[in-house]
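Just below is one structure, and these are the notes that go with it.
Read-outs: derived from the displayed coordinates by stated rules, not from any lab. None of the values given here were measured: they were computed from a predicted structure. Neighbour counts run over all protein chains shown; Cβ positions are idealised from the backbone, glycine included.
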Amino acid sequence: MPDAAAIDSIFRLLDRPVWIVTAADGRRRGGLVATWVAQASLDPAAPTLLAGIAPNHFTCELIDARGAFAVHLLEPRQTAVALAFALGTGRERDKLADVAHAVGETGSPLLADCLACLECHVIDRHDVGDRVFFLADVIAGERRGEGPPLTEQQLLTAATADERARLKDDWRADIELQRPLRKDWRAGLKIEG
Ligand SMILES: Cc1cc2nc3c(=O)[nH]c(=O)nc-3n(C[C@H](O)[C@H](O)[C@H](O)COP(=O)(O)O)c2cc1C
């Protein structure tokens, strides 16, 4: 068996930027916090981005329905905004109701207050059971501030004990729900493991 704690401690050496991923389909709109977002091309003339979104999240449903999404980096001061997108699901409340935003050319909500945002058109999707990896063309981008973006560790440090407990509960529930999805997907692979 791999040493799960040792492996986890290595991943914890990284302090990843926090992204707010938003999407909308008609009147349905929402968003979540994601750390699994990365630049996916070297060529500045053809920018692409890869986002790993869990299939049980409302935002995943919206991205699939519309074929588009937007990603935002926040200022380090914007921990409350990030927590509002990280806690709970857009199936139960409109996460954008109290957040100033415009609608971008892809129909995705664009947060008015952020460090930077990118609008993306999905060009491919790869379903690996517990994640859907969306490969997308970046069709527009706006940088509104200087300085480094809000990071995961800054967010977790700013959260209250109650908020941290709720995040942990959500993570546990996500893992329970996603494990069988990953298992089913792996069972269909030709390689062992
Ligand atoms: C620091 C942090 C990083 C996260 N990264 C991801 C991620 O990369 N992909 C993802 O699908 N969910 C991620 N989540 C979980 C979602 O933000 C969270 O479950 C959200 O409430 C789902 O909302 P929705 O159902 O409205 O889409 C992360 C949460 C936190 C706190």
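Computed quantities for the displayed model
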quantity: Helix-only [θ]222 nm of the chain, DSSP H runs n ≥ 4, -39500 (n - 2.57) each, per residue, nearest 500; calculated: -9500 deg cm²/dmol
quantity: Chymotrypsin sites (Phe, Trp or Tyr not before Pro) within region 1-94, DSSP loop, no more than 15 other Cβ atoms inside 10 Å; calculated: 36
quantity: Cleavage-rule hits, GluC sites (Glu not before Pro), region 38-110, DSSP coil, Cβ neighbours within 10 Å at most 16; calculated: 92, 105
quantity: Angstrom value of the Kirkwood radius, inverse mean 1/r, which spans all Cα pairs in region 44-98; calculated: 13.2 Å
quantity: Unit charges at the beta carbon, dipole of region 68-193: most positive-side option, 135, 151, 175; calculated: 175
quantity: Contact order relative to length of the chain, as percent, for alpha carbon pairs under 8 angstrom and 6 or more apart; calculated: 24 percent
quantity: Rg/Rh for the chain, where both radii come from Cα atoms and Rh is the Kirkwood radius; calculated: 0.96
quantity: Using θ = phi - 60° and Karplus 6.51 cos²θ - 1.76 cosθ + 1.60, couplings along region 20-27 (whole Hz; Gly, Pro as x); calculated: 9, 9, 10, 7, 8, 9, x, 7
